[in-house]
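Encoded as structure tokens, the structure appears first; notes follow it.
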Amino acid sequence: MAEIQKHLSAGPVSILPQIKKLKEGNLVIQKGHTYELSPMGIIIADKMPPFLDTLEVLEENFDYWTKRNLEGIPPFLRKRLYELKNCKLILPEVSHMFELNPEFVEKLHLSTHIFGFASYFHPSFTTLYPELAKKGVEISLMFTEPVFRRFKTDYREELCTFLNFGNVRVFIFPQDPKIADLTVTDRFFLLTLFSREKFFEHESLISSEPETLKWGTDLFSHMLKEAIQVKEI
């Protein structure tokens, strides 16, 4: 009991009633003056950290998660939402409403490799990514068919030049991704999900935690399985 009190920084008056409940639920076994988890308690305790971490992730940006369409996230990654810790919500500023987020652009320039997907067209892509490719950054970009068609029609010359870089790969995602965009590099992960309503709010989550980068890389790799690489125009 003394060890439990020290670990929880609590007195026996508050601890004993809780231990009694755990014993009645067959989650804790008392052996003399010691307490230990029962086999059932061990199973449950093993699942508690990811469960509590998932609650923490959702509570950090509760309004964002509850209002977004999560269908684009595959089931195996939904079960790992607890890895998306310390995500900051990026809200579009009025002064940059029709530009790429300045923090996003700054972090891209610090990256050595980039995995990106977008289901919308942005003119800045035609200058930003070629600039990074010239610096030797390894770039893999994935677009939906309508977005790629827009690049091919309106920016054909720029697209051909971009594809000629040896450190660049471009893919077409043939399905409906149900994800607005994602970017994962060695520096950060950014995710933009569509609203469950019929309008698009360009609000994104961004994080630099190692677990988050792994989660983002796994999402991109999962989408890559269905993607078609563009070899030539």
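The values are calculated or read from the model by the stated rules, or taken from the named source; none is laboratory data. Please read these numbers as outputs of a predicted model, since none were measured by experiment. Note: ideal-geometry Cβ built from the backbone for every residue, glycine included; neighbour counts use all protein chains shown. Accessible surface areas use protein heavy atoms only, side chains included; no ligands, DNA or RNA. Shrake-Rupley method; radii C 1.70, N 1.55, O 1.52, S 1.80 Å.
Being open to solvent by 80 Å² or more (accessible area, probe 1.4 Å) and among the β-branched types (Val, Ile, Thr) is true for just one of ILE29, ILE15, ILE43. Which residue is that?
ILE43
Out of all the residues in the stretch 131-140, which are open to solvent by 30 Å² or more (accessible area, probe 1.4 Å) and not in a loop (DSSP other than H, G, I, E, B)?
GLU131, LYS134, GLU138
If GLU232 passes every condition in (1) within 26 Å of ASP63 (Cβ to Cβ); (2) open to solvent by 30 Å² or more (accessible area, probe 1.4 Å); (3) not β-branched (Val, Ile, Thr) but one, which one does it miss?
(1)
So is PRO49 within 15 Å of LEU191 (Cα to Cα), more than 14 Å from the chain's Cα centre (by Cα) and open to solvent by less than 80 Å² (accessible area, probe 1.4 Å) or not?
Answer is no for this residue.
Which pairs do you get when a residue that is under 18 Å from VAL28 (Cα atoms) and free of Cβ contacts under 8 Å to residues at least 60 places away in the same chain, found in the stretch 4-15, comes within reach of a residue that is of a type in the set (A, V, I, L, M) and in a loop (DSSP other than H, G, I, E, B), reach meaning Cβ atoms under 8 angstrom, with the pair 6+ apart or on two chains?
Listed by first residue and then by second, the contacts come to PRO12/MET1; ILE15/MET1.
May I ask you to list pairs of residues, at least six apart or on different chains, whose Cβ atoms are under 7 Å apart, with the first in the stretch 23-42 being at positive phi and without any contact (Cβ under 8 Å) to a residue 24 or more places away in the chain and the second being of a type outside the set (Phe, Trp, Tyr) and open to solvent by less than 80 Å² (accessible area, probe 1.4 Å)?
Going by the 7 Å Cβ cut-off, the qualifying pairs are ASN26/SER38.
Could you list, in sequence order, the residues of the stretch 156-201 that are among the hydrophobic types (A, V, I, L, M, F, W, C) and in contact with a His (Cβ under 8 Å, 6 or more places away or on another chain)?
Answer for the stretch 156-201, where residues must be among the hydrophobic types (A, V, I, L, M, F, W, C) and in contact with a His (Cβ under 8 Å, 6 or more places away or on another chain): just ALA180.
Among the residues of the stretch 190-233, how many are within 13 Å of the chain's Cα centre (by Cα) and within 21 Å of HIS122 (Cα to Cα)?
8
Between a residue in the stretch 136-159 that is closer than 21 Å to LEU224 by Cβ and of a type in the set (Phe, Trp, Tyr) and any residue that is open to solvent by 20 Å² or more (accessible area, probe 1.4 Å) and not in a helix (DSSP H, G or I), which pairs come within a Cβ distance under 7 Å, given they are 6 or more apart or on different chains?
From the stretch 136-159, the pairs are PHE143/ILE172; PHE148/ILE172.
Listed residues LEU100, LEU84; which is open to solvent by less than 40 Å² (accessible area, probe 1.4 Å) and farther than 30 Å from GLU158 by Cβ?
Residue meeting the stated conditions: LEU84.
In the stretch 1-115, which helices (runs of 4 or more DSSP H) lie fully inside it and hold 1 or more residues that are within 30 Å of ASN167 (Cα to Cα), modelled with pLDDT under 95 and among the β-branched types (Val, Ile, Thr)?
Hits in the stretch 1-115: 102-109.
Return the residue satisfying two criteria in turn: it lies in the stretch 166-188 and is without any contact (Cβ under 8 Å) to a residue 40 or more places away in the chain and within 17 Å of GLY116 (Cβ to Cβ), and of such residues it is farthest from the chain's Cα centre (by Cα).
Going through the qualifying residues, I end up with ASN167.
Scanning for something assigned to a helix (DSSP H, G or I), of a type outside the set (Gly, Ala, Ser) and surrounded by fewer than 16 Cβ atoms within 10 Å (Cβ to Cβ), does the stretch 121-130 turn up at least one residue?
yes
Does THR212 satisfy the condition of being open to solvent by 10 Å² or more (accessible area, probe 1.4 Å), touching a strand residue (DSSP E or B) at 6+ places or on another chain (Cβ under 6 Å) and not in a loop (DSSP other than H, G, I, E, B)?
In short, no.
Condition first: within 22 Å of PRO177 (Cα to Cα) and open to solvent by less than 70 Å² (accessible area, probe 1.4 Å). Now tell me which residues in the stretch 59-81 satisfy that.
Of everything in the stretch 59-81, those that are within 22 Å of PRO177 (Cα to Cα) and open to solvent by less than 70 Å² (accessible area, probe 1.4 Å) turn out to be TYR64, TRP65, THR66, ARG68, ASN69, LEU70, GLY72, ILE73, PRO74, LEU77, ARG80, LEU81.
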